[in-house]
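One structure is given here, and the rest of the page talks about it.
Just so you know, all these numbers are worked out from the coordinates, no wet-lab data involved. Everything numeric in this text was worked out from a predicted model, so none of it was measured. For neighbour counting, all protein chains shown are included, and Cβ atoms are generated from backbone atoms with ideal geometry for every residue, glycine included.
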Amino acid sequence: MQKKILTANNNLYCKLLGVLTKKGNKTAAKKIIDNTFLKLSSKTNKSLQKLFLQVFIKLNSFIEVKNVRVRRSSHMVPFSINLKRRSYLILKWLTSAIKEENTQQVSFDEKLYLELDSLINNTQSKALKKKKQNSANAVKNRSNLHFRW
């Protein structure tokens, strides 16, 4: 299990790099990620691997809610998800939380730093709120499990 988590962290770095790459400018995205995690590691005295592991553990979810259509009605049904889908959801919640930030005077790498810092320090993180909302939806709709096949 430990080896799978470590490979997921490296995979998470590569996927984050792919998500932040815009118009083929991979070096700028790499610079943003490296500067952000350098600031975080100097503040928290933790290595890059440990920081990625913390982000992965905090935002890790085992359940996702999907719409299933049965006899002209749709039901919200919780499904278990695999590691690849979990890493995608982590990045989706993280990037959407960063994009929702309205401060126009702050650069993207500063927004990423603030979001990751609030996530690691257990303060008001928007990505963590999205994860909790997903979990709450799964608990609310657990009575619809019989629609999963």
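Overview of values
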quantity	calculated
For a label point 7 Å along the Cα-to-beta-carbon line of Ser135, residues of the range 20-60 with backbone N under 16 Å	54-60
Isotropic mean projected area of the C-alpha convex hull, the chain (nm²)	11.2 nm²
HN-Hα J in Hz across the range 75-81 - Karplus 6.51, -1.76, 1.60, θ = phi - 60°, x for Gly and Pro	10, 7, 10, x, 10, 7, 10
Distance in nm between pseudo-label sites at Asn45 and Lys92 (7 Å out along the Cβ direction from Cα)	3.9 nm
Relative contact order computed over the range 23-149 (Cα-Cα under 8 Å; 6+ residues apart), in percent	31 percent
Local electrostatic count at Leu59 - Lys and Arg +1, Asp and Glu -1, tallied over other residues with Cβ under 9 Å	+4
Sparse-neighbourhood loop sites, chymotrypsin sites (Phe, Trp or Tyr not before Pro) in the range 25-92 - DSSP loop, at most 15 other Cβ within 10 angstrom	Phe62
Environment charge of Glu100, counting only residues whose C-beta is closer than 14 Å and scoring Lys/Arg +1, Asp/Glu -1	+4
Degrees, to the nearest 10: 48-59 long Cα axis against longest axis of the chain	30 degrees
Taking the range 54-107 and dividing mean pair separation by its residue count, relative contact order in percent (alpha carbons under 8 Å, at least six apart)	30 percent
Sites Asn121 and Arg72, calculated FRET efficiency, Cβ-Cβ separation with R0 35 Å, nearest 0.05	0.15
Distance between modelled label sites at Leu38 and Glu110, nm, 7 Å Cα→Cβ extension	1.8 nm
Choice from Asn60, Asn11, Asn102 with maximal GNM fluctuation in the chain (Cα, 10 Å cutoff)	Asn102
Gained length - Lys99 relative to Asn144, 0.36 nm times residue gap less alpha-carbon distance	12.9 nm
Ellipticity estimate at 222 nm from DSSP helix runs (n ≥ 4, -39,500 (n - 2.57)) divided over the chain, nearest 500	-21500 deg cm²/dmol
Charge sum, other residues only, whose C-beta stays under 14 Å from Cys14's C-beta, Lys/Arg counted +1 and Asp/Glu -1	+3
